[in-house]
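The values are calculated or read from the model by the stated rules, or taken from the named source; none is laboratory data. Owing to the predicted nature of the structure, the values given are computational and were not obtained by experimental measurement. Methodologically, a virtual Cβ is constructed for each residue, glycine included, from the backbone with ideal geometry; neighbour enumeration extends over all protein chains shown. Each accessible area value is taken on the protein alone, full model and side chains, heavy atoms only, with ligands, DNA and RNA left out. Shrake-Rupley method; radii C 1.70, N 1.55, O 1.52, S 1.80 Å.
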Amino acid sequence: MAQKPSIPQGTRDFSPLEVQRRNYIMSTIKKYFEQYGFMPIETPSFENSDTLLGKYGEEGDRLIFKVLNNGAYLSKVKPEDLAEQDEKSLTPQISDRALRYDLTVPFARYVVQHQNEITFPFKRYQMQNVWRADRPQKGRFREFTQCDADVVGSTSLYQEIELIKLYDTVFTALNLTGCTIKINNRKILAGIAEMIGAEDKLIDFTVALDKLDKIGIEKVKEEMLSKGINAVALEKLHPVFTLEGDYAQKLATMQDLLKESAIGMKGVEELTFIHENMQQLPLTGTNLDLDITLARGLNYYTGCIFEVAAPAGVSMGSVGGGGRYDDLTGIFGLKDVSGVGISFGLDRIYLVMEELGLFPDSVRAGVDVLFLNFGMQESRVALGELFRFRESGIKAELYPDEAKMKKQMTYADRNDIPFVILIGEDEIKTGKLTLKDMKTGKQETLDAETIIARF
RNA sequence: GUGGUUGUAGCUCAGCUGGUUAGAGCGCUUGAUUGUGGUUCAGGAGGUCGCCGGUUCGAAACCGGUCUUCCACCCCA
């Protein structure tokens, strides 16, 4: 045998059942995206490198898959760059394109490029693969699918409220209950930084604060100290570290703490507005929780930020995330178009649903009925019946070969086909069909119409 | 990018301090069963031990490299 074939690190093949289950999740998401008024677009798998680079921070740039130029790509390279093996200057000389890293930045590019065709506010959804040159681990792949819904051209906080409800609607429909939608606001984080005189260290500050859950107060303080945030400032942060209570109580504490900060108070105001309006829109399958430590992508988010945590007891990173970005299109030359959006992580949702056994039995790969093949005469009759069933909308197939019954039954069994129809000598004589329920093993001999009516 | 971990039959894994011809269970296949699957019984097929190199009389085992798996960090969906 030749050398065993393989697939690249962090990629996967999907079996028929897996694809059906992924389609089940995607069709549910799509249904509600459309119900909420979002319209589909698609963008290329790869973009010009300029479009992507510099939008995700230094870490993000490192994880972008670069596409090697075609042709004599080395001919234009400066010999000294080649000799020094300096990737920073070499990469742009041999690669002009890159695989997309997320769907939001390509969307911003799309909006700018098609601004004259678009009527704002523009609501779009997109369900496509993205690629990241990350080290794979649990729930982390190098090729995965994101399902995004974004609206640009509206600063209304109703958008945030709708997106929270959209998360709740979809997760409830998937029967994936118990997820927590964590919400925070970048303006609050900016306000806290301002209050402790660490505006210039906003990123270091939020990155450290984000770890509070994971490593505890003392370690977070250590990290902040090491980043140059002074002890007096840390003292002021005490209420943040020990924040407790429900959404309203936490918000009250923050309001008191941030009363000197204009931007901080703006953040509090926004979260208060959302909270008040959520009162008449109770969530059915998820919980909304104000999490001041939530930081997220610091690159383009400016207002509310979201992240969806899997139900307690399931160890999985976030299954969704999003937020408001006030000036992402500005990078591409279109000012003053605020956007806000959320993303569903299809692959992680799949893993969580699999772990919790939430896929309905009806989501199967195979047909509903298999006609057994008893030989030339019999299978000819079966072939006619087969198409009668199909025309009635029943997924059906005929076993193609005149194989042993055992083999044909095993085929039905292995493929989770719930019913088998036998057409032999006796059936042809009486004009009836024998229907076997594979689960119970029971058989009945009935008219074709009667059987069709059962499906 | 950093640290650890894994790789032996289609799958899950044994394989001793290096020593003849590489093992199990499940699965696959054939038959017991010429109109009946999931149970049982009997037979059979299937592996250059991830790949490349090194040490050795001798390597699945030891060493180096590389690819891959899983995990933690980083970051994120």
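Descriptive notes on the structure:
- Ligands, DNA and RNA excluded, the heavy atoms of A:S392 present near 60 Å² of accessible surface to a 1.4 Å solvent probe.
- Whole-number accessible area per residue in Å² for the stretch A:369-454, which is evaluated in the context of all protein chains at 1.4 Å: 61
- Extreme residue, positive dipole direction of the stretch A:369-454, given options A:G424, A:T445, A:L370 (C-beta unit charges): A:L370
- Over chain A: helical MRE at 222 nm, DSSP H runs n ≥ 4 each giving -39500 (n - 2.57), nearest 500: -12500 deg cm²/dmol
- Karplus-derived 3J(HN,Hα), 6.51/-1.76/1.60, for each residue of the stretch A:110-116, Hz, glycine and proline x: 4, 4, 5, 5, 10, 4, 6
- Rounded to the nearest 10 degrees, the angle from helix A:262-278 to the longest Cα principal axis of chain A is 30 degrees.
- Distances between placed amide hydrogens fall under 5 Å for A:V67 paired with A:R97, A:A98, A:L99, all partners being 5 or more residues away or on another chain.
- Using alpha-carbon coordinates, inclination of helix A:247-257 to the longest axis of chain A, degrees: 20
- In sequence order, the stretch A:288-294 has phi-based couplings of 9, 9, 7, 10, 5, 7, 5 Hz under the Karplus curve 6.51 cos²θ - 1.76 cosθ + 1.60, θ = phi - 60°, and Gly or Pro positions carry x.
- With the highest mean first, a sort of the peptides A:64-72, A:417-425 on other beta-carbon atoms found within 10 angstrom per residue produces A:417-425, A:64-72.
- Average accessible area per residue (Å²) across the stretch A:40-156 - probe 1.4 Å, nucleic acids and ligands excluded: 54
- Between helix A:376-391 and chain A there is an angle of about 40 degrees, using the helix long axis and the longest principal axis of the Cα atoms.
- In this structure the stretch A:195-259 gives 57 Å² per residue of accessible area when probed at 1.4 Å with all protein chains present.
- Multiplying the residue separation of A:Y73 and A:D289 by 0.36 nm and subtracting their alpha-carbon distance yields 72.6 nm.
- In order along the stretch A:68-77, the phi-based Karplus estimate (6.51 cos²θ - 1.76 cosθ + 1.60, θ = phi - 60°) of 3J(HN,Hα) comes to 5, 4, 8, x, 7, 5, 8, 5, 8, 6 Hz; Gly and Pro are listed as x.
- Per atom type, chain A shows carbon and sulfur on 50% of its accessible surface, probed at 1.4 Å.
- Cα-Cα over 22 Å, subset of A:K227/A:K335; A:K55/A:K201; A:K31/A:K66; A:K55/A:K187; A:K182/A:K266; A:K138/A:K227: A:K227/A:K335; A:K31/A:K66; A:K138/A:K227
- Distance histogram in 10 Å bins (all Cα pairs of chain A, percent per bin): 4, 16, 22, 21, 15, 11, 7, 3, 1, 0
- The trypsin sites (Lys or Arg not before Pro) of the stretch A:301-406 that DSSP puts in a loop, and whose beta carbon has at most 11 other beta carbons within 10 Å, are A:K335, A:K404.
- Accessible area per residue was computed with a 1.4 Å probe on protein heavy atoms; A:D50 scores about 130 Å².
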